[in-house]
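Participant: Right, I'll just put the structure down here and ask away after.
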Amino acid sequence: MTEHEAELGVATRLVGGARPVGPGASLNPAVEFTSTYRADGLVDYARSGNPTWTAFEQVLGDLEGGQALAFGSGMGAIAATLDLVPTGGVVVAPRHAYSGTGALLRRRAEQGAVELRVVDIADADAAIEALDGAALLWTESPTNPMLEIADLPTLFAAAAGAGALSVCDNTFSTPLLQRPLALGADVVVHSVTKYLSGHADVLMGATVTADPGLQERLLTARTLDGAIPGPMETWLALRGMRTLHLRMERSCANAAQLAQRAADHPAVQRVRYPGSGAVIALEVAGGRAGAERLERAVRVWTCATSLGGVESLLERRRRHAMEPDSVPEELVRLSVGVEDVEDLWRDLAQALDEVAGRA
Ligand SMILES: *Cc1c(COP(=O)(O)O)cnc(C)c1O
């Protein structure tokens, strides 16, 4: 990146990053479908590198302030990052992290690969106490699906003081709302499947770090474990990222409106909304049955898992066995999309009316 480009705003960098240059160049990077390359170049085999990955990695790395690596899924990126922990090393992790992360950590702990210490990540004192002798601190903020907020700068500083690496899963915030490397994290991970690609049409993940030694180790993990994305998926993710700022702006504005309106509905006992981002959790009346009723009653919203796409989704999180008991049975997670907010509200309100028994 030239000095001139470094001064550009985020939207301009999202739109213009990693485009081929020179007379006659195509405007978009090519989708390079190949398994191998002619000998004596920088990369010899396509499990080690692909020019379409490089374009995607340049744009994401620039946004997060480090070097990015594309992975075949968010879980692939998470597994590679956990490989940074030496055998038997202590991992401090939030009770309410993404359910797949929690399950992977528990599996590794059962196998003796790591020692797991689960904490309430919103309680900085408890998390810091658990860091004694730790190899790695895992964070999410806001957490999935409880939307708790952690004091990230304090936790990252404490981890560094304790000699532990710190990792932040930045999927919910995206680098537009939060840049963990600037707050002191060593590694950022993403489920690119969500906001970054943004259209619920690919699975992909990424890591970002500003530490060349960690970058080398993550690259080795990706190459040897083989958790690589396809070039077509990577191209779609990069195309999706061109409009990340527009989608986030609209989704977040819609979410702020809906969180406020939902709070006044008699079928809503509690709204969890951290004040930014586009995920909301509602605890609805009638327990599990009430939440299931809401799932069935929506028409504009779709009842489906996942988040971060242009379309609005909701689901009762405890329908998944992996979700811990501390998540209420009646908690419904909403991923707010970019539709007309009045349509989203009318549909949600009529579904909540049914939950309240006044339809
Ligand atoms: C979806 C998700 C993941 C897992 O990513 P995949 O792309 O599904 O493998 C990890 N972390 C968070 C916060 C997620 O929402």
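The values are calculated or read from the model by the stated rules, or taken from the named source; none is laboratory data. Only a predicted model underlies this, so the values are computations on that prediction, with no experimental measurement involved. Cβ placement follows ideal geometry from the backbone for every residue including glycine, while neighbour counts extend to all protein chains displayed.
Participant: So, in region 314-332, of the ones that are within 18 Å of the chain's Cα centre (by Cα) and away from the ligand (no atom under 12 Å from the Cβ), which residue ends up farthest from Arg272 (Cα to Cα)?
Facilitator: Out of the qualifying residues, it is Glu323.
Participant: Hey, can you tell me all the residues within region 180-191 that are away from the ligand (no atom under 16 Å from the Cβ) and assigned to a loop (DSSP other than H, G, I, E, B)? Walk me through it before giving the result.
Facilitator: If we filter region 180-191 for residues that are away from the ligand (no atom under 16 Å from the Cβ), which is where we start, we get 181-184, 186.
Gly184, Asp186, listed by residue number.
Participant: On to the next question. Looking at region 63-92, I want the residues that are touching a residue at least 60 places away in the same chain (Cβ under 8 Å) and have a partner that is buried (at least 21 other Cβ atoms within 10 Å of the Cβ) and of a type in the set (D, E, K, R) with Cβ atoms under 6 Å, at least 6 apart or on another chain. Which pairs are those?
Facilitator: Final answer for the pair search is Ala68/Glu57; Leu69/Arg222; Ala70/Glu57; Ala80/Arg222.
Participant: Please indicate, with yes or no, whether at least one residue in region 143-150 is more than 26 Å from Ser312 (Cβ to Cβ) and either aliphatic (A, V, I, L, M) or more than 18 Å from the chain's Cα centre (by Cα) (or both).
Facilitator: yes
Participant: May I pose another question? If you take just the helices (runs of 4 or more DSSP H) that sit entirely in region 22-118, which of them hold at least 2 residues that are surrounded by fewer than 17 Cβ atoms within 10 Å (Cβ to Cβ) and not polar (S, T, N, Q)?
Facilitator: 99-110
Participant: Let me confirm something: among Ala150, Ala206, which residue is within 21 Å of Leu136 (Cα to Cα) and part of a loop (DSSP other than H, G, I, E, B)?
Facilitator: So the residue among Ala150, Ala206 that is within 21 Å of Leu136 (Cα to Cα) and part of a loop (DSSP other than H, G, I, E, B) is Ala150.
Participant: Which residues, taken from region 257-266, are in contact (Cβ under 8 Å) with a residue 12 or more places away in the chain and either in a helix (DSSP H, G or I) or under 16 Å from Arg333 (Cβ atoms) (or both)? It would help to see each step written out before you state the result.
Facilitator: To start, the set of residues in region 257-266 that are in contact (Cβ under 8 Å) with a residue 12 or more places away in the chain comprises 257-259, 261-262, 265-266.
Within region 257-266, Gln257, Leu258, Ala259, Arg261, Ala262 qualify.
Participant: May I ask you to say which residue of Ala150, Ala157 is away from the ligand (no atom under 13 Å from the Cβ) and in contact with a strand residue (DSSP E or B) (Cβ under 6 Å, 6 or more places away or on another chain)? Don't jump to the end; show me each part of the working.
Facilitator: Working: Ala157 fails: in contact with a strand residue (DSSP E or B) (Cβ under 6 Å, 6 or more places away or on another chain).
Exactly one of Ala150, Ala157 is away from the ligand (no atom under 13 Å from the Cβ) and in contact with a strand residue (DSSP E or B) (Cβ under 6 Å, 6 or more places away or on another chain), namely Ala150.
Participant: Out of Ala126, Ala122, I need the residue that is over 21 Å from the mean Cα position of the chain (by Cα) and of a type in the set (A, V, I, L, M). Which one?
Facilitator: None of the others qualify; the one that does is Ala126.
Participant: Here is a list: Ala289, Ala297. Which entry is surrounded by fewer than 18 Cβ atoms within 10 Å (Cβ to Cβ) and modelled with pLDDT of 95 or more? Quick ask: steps written out before the conclusion?
Facilitator: On the way: Ala297 fails: surrounded by fewer than 18 Cβ atoms within 10 Å (Cβ to Cβ).
Selected residue: Ala289, the only one of Ala289, Ala297 that is surrounded by fewer than 18 Cβ atoms within 10 Å (Cβ to Cβ) and modelled with pLDDT of 95 or more.
Participant: Find the residue count for region 165-179, including only residues that are within 11 Å of the ligand (Cβ to nearest atom) and free of Cβ contacts under 8 Å to residues at least 40 places away in the same chain.
Facilitator: Residues meeting the conditions: 1.
Participant: Still on this structure: If Lys194 meets every condition in (1) among the basic types (Lys, Arg); (2) within 16 Å of the ligand (Cβ to nearest atom); (3) in contact with a helix residue (DSSP H, G or I) (Cβ under 7 Å, 6 or more places away or on another chain) apart from one, which number is that one?
Facilitator: Going through the list (1) among the basic types (Lys, Arg); (2) within 16 Å of the ligand (Cβ to nearest atom); (3) in contact with a helix residue (DSSP H, G or I) (Cβ under 7 Å, 6 or more places away or on another chain), Lys194 breaks only (3).
Participant: Same structure, new question: (1) at pLDDT 95 or above; (2) closer than 24 Å to Pro94 by Cβ; (3) within 16 Å of the ligand (Cβ to nearest atom): which one isn't true of Ala304, the others all being true?
Facilitator: (2)
Participant: Within region 177-187, is even one residue among the small types (Gly, Ala, Ser), surrounded by 23 or more Cβ atoms within 10 Å (Cβ to Cβ) and in contact with a His (Cβ under 8 Å, 6 or more places away or on another chain)?
Facilitator: No, there is no match, as no residue in region 177-187 is among the small types (Gly, Ala, Ser), surrounded by 23 or more Cβ atoms within 10 Å (Cβ to Cβ) and in contact with a His (Cβ under 8 Å, 6 or more places away or on another chain).
Participant: Further question on the same structure: Among the candidates Ala278, Ala227, single out the residue that is touching a Cys at 6+ places or on another chain (Cβ under 9 Å) and touching a residue at least 12 places away in the same chain (Cβ under 8 Å).
Facilitator: Unique residue meeting the criteria: Ala278.
The rows are residues; the columns are (1) within 16 Å of the ligand (Cβ to nearest atom); (2) in contact with a Ser or Thr (Cβ under 8 Å, 6 or more places away or on another chain); (3) of a type outside the set (D, E, K, R); (4) at pLDDT below 95.
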position: Gly17; (1), (2), (3), (4): no, no, yes, no
position: Glu32; (1), (2), (3), (4): no, yes, no, no
position: Ser48; (1), (2), (3), (4): no, yes, yes, no
position: Gly66; (1), (2), (3), (4): no, yes, yes, no
position: Gly74; (1), (2), (3), (4): yes, yes, yes, no
